[in-house]
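Enquirer: First the structure, then my questions, so here it is.
The values are calculated or read from the model by the stated rules, or taken from the named source; none is laboratory data. Please read these numbers as outputs of a predicted model, since none were measured by experiment. Glycine gets a Cβ as well: all are built from the backbone with ideal geometry, and neighbour counts include every protein chain shown. Ligands, DNA and RNA are stripped out before the accessible areas are found, and what is left, the full protein with its side chains, is counted by its heavy atoms. Shrake-Rupley method; radii C 1.70, N 1.55, O 1.52, S 1.80 Å.
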Amino acid sequence: MNAVAETIPVSTHEATMKLKKVHIRLMKHPETCLFSGILMMGESSVDVGIPTACTDGLNKRYGKDFIEKLSLAELGGLVLHENGHVMLKHIPRHRDLIKQNQRLANVAMDFVINAIIMEISQKAPELVKLPKGGLYDPKYHGWSVRQVWD
């Protein structure tokens, strides 16, 4: 039955409800409850025009078709990922790197955030999981964005 449910397209409303459910799960869990203040900052919205997810440093936007395919744990990882950019103030702190090379700056930021998500995932795999394609390399654990950039 799960395989059938996964292939049925969901409405934007249903995707929004799935996103809200994941926010509540993250705010209630002991491993991620300290992210609650960050999760509440800005707006989190579902958008049909976004291929995956993005943030402007405050607001978070999630692609409807992308989150539709994710498990709750993978969506939890995605939500922590976007909110990690906000928490670590990546956009305002690294404007110089973004101006030099936006793609490389984003890759460096992603490696830093995803190392944090992997640590949480080891403690609570039912809660968060890095979605397929998420940039991760254990060698970047504890590194700063600028160290990864270099």
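Enquirer: Out of the residues in the range 50-79 meeting the condition of being in contact with a strand residue (DSSP E or B) (Cβ under 6 Å, 6 or more places away or on another chain) and within 17 Å of Leu26 (Cα to Cα), tell me which one is surrounded by the fewest Cβ atoms within 10 Å (Cβ to Cβ).
Expert: So, considering only residues that are in contact with a strand residue (DSSP E or B) (Cβ under 6 Å, 6 or more places away or on another chain) and within 17 Å of Leu26 (Cα to Cα), the one surrounded by the fewest Cβ atoms within 10 Å (Cβ to Cβ) is Lys60.
Enquirer: Only one of (1) touching a Lys or Arg at 6+ places or on another chain (Cβ under 9 Å); (2) assigned to a helix (DSSP H, G or I); (3) at pLDDT below 95 is not met by His13, so which one is it?
Expert: (1)
Enquirer: Is it the case that some residue within the range 22-32 is farther than 21 Å from Leu127 by Cα and either surrounded by fewer than 15 Cβ atoms within 10 Å (Cβ to Cβ) or in contact with a Pro (Cβ under 9 Å, 6 or more places away or on another chain) (or both)? Please lay out each step first, then the result.
Expert: Step one: filter the range 22-32 for residues farther than 21 Å from Leu127 by Cα, giving none.
No, the range 22-32 has no match at all.
Enquirer: Sticking with this one: Restricting the search to the range 128-147, which residues are of a type in the set (A, V, I, L, M) and open to solvent by 50 Å² or more (accessible area, probe 1.4 Å)? Write out each step before concluding.
Expert: Narrowing the range 128-147 to residues of a type in the set (A, V, I, L, M): 128, 130, 135, 145.
Answer for the range 128-147, where residues must be of a type in the set (A, V, I, L, M) and open to solvent by 50 Å² or more (accessible area, probe 1.4 Å): just Leu135.
Enquirer: Quick one: is Ala73 under 16 Å from His23 (Cβ atoms), touching a Lys or Arg at 6+ places or on another chain (Cβ under 7 Å) and modelled with pLDDT of 95 or more?
Expert: Values: under 16 Å from His23 (Cβ atoms): yes; touching a Lys or Arg at 6+ places or on another chain (Cβ under 7 Å): yes; modelled with pLDDT of 95 or more: yes.
Answer is yes for this residue.
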